[in-house]
1. For segment 59-69, which positions are over 10 Å from the mean Cα position of the chain (by Cα) and touching a residue at least 24 places away in the same chain (Cβ under 8 Å)?
2. Can you list residue pairs whose Cβ atoms sit under 8 Å apart, with the first residue in segment 1-18 being free of Cβ contacts under 8 Å to residues at least 12 places away in the same chain and closer than 24 Å to ARG75 by Cβ and the second being crowded, with 18+ Cβ neighbours inside 10 Å and aliphatic (A, V, I, L, M)? Count only pairs 6 or more apart in sequence or on different chains.
3. Restricting to segment 11-38, count the residues that are more than 12 Å from the chain's Cα centre (by Cα), outside any loop (DSSP other than H, G, I, E, B) and under 20 Å from GLN65 (Cα atoms).
4. Name the single residue, out of those in segment 19-33 being within 15 Å of CYS49 (Cβ to Cβ), at pLDDT 95 or above and not polar (S, T, N, Q), that is surrounded by the fewest Cβ atoms within 10 Å (Cβ to Cβ).
5. Against the conditions (1) exposed (fewer than 13 other Cβ atoms within 10 Å of the Cβ); (2) touching a Ser or Thr at 6+ places or on another chain (Cβ under 9 Å); (3) closer than 21 Å to ALA2 by Cβ, where does ASN36 fall short? Just the number, please.
6. Those residues that are under 17 Å from VAL82 (Cβ atoms) and surrounded by fewer than 18 Cβ atoms within 10 Å (Cβ to Cβ), I need them from segment 1-12; list them, please.
7. If we keep just the residues of segment 39-51 that are of a type outside the set (S, T, N, Q) and either in contact with a strand residue (DSSP E or B) (Cβ under 6 Å, 6 or more places away or on another chain) or in a strand (DSSP E or B) (or both), which is surrounded by the most Cβ atoms within 10 Å (Cβ to Cβ)?
8. Considering every residue within segment 82-90, establish whether at least one is part of a strand (DSSP E or B) and crowded, with 16+ Cβ neighbours inside 10 Å.
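The values are calculated or read from the model by the stated rules, or taken from the named source; none is laboratory data. Fair warning: this is a prediction, and the values are worked out from it, not measured in the lab. No Cβ is skipped: glycine too gets one built from the backbone with ideal geometry, and neighbour counts run over all protein chains shown.
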Amino acid sequence: MANAKIKKQNIRAGLLVVATDRLETQVYTVESIDGNHVTYTWYEGTNQCISGIDYTMLMTPTIAQIEYSINANGRLANALDVADVKFLIG
């Protein structure tokens with residue numbers, strides 16, 4: 001299964017996304033969208049990270065990318081983690 005570009009109207013908090021079609025990638029969880037800028041979060045071990053990117057760079061992750069990301073980097077961020085990010089930066 002190939003990655004698909006995500007339409008702006010389909011981006012929402014909690015959505016899993018990737019920024020590359022490479023297998024060896026980090027899977028991110030969308031925190032928010034403001035104009036064309038998407039803020040996302042992810043885990044590296046037990047450390048929660050946050051960054052942002054233009055929405056046009058985002059794609060749906062494949063199952064293989066999700067499996068790789070969990071095995072290489074730890075758990076994926078979920079809806080509760082997104083709420084935490086909003087609290088931390090708000």
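1. THR62, ILE63, ALA64, GLN65, ILE66, TYR68, SER69
2. none
3. Matching residues across segment 11-38 total 0.
4. Ranking the qualifying residues of segment 19-33, first place goes to ALA19.
5. Single failed check for ASN36: (3).
6. The answer is ASN10, ILE11, ARG12.
7. TYR40
8. No.
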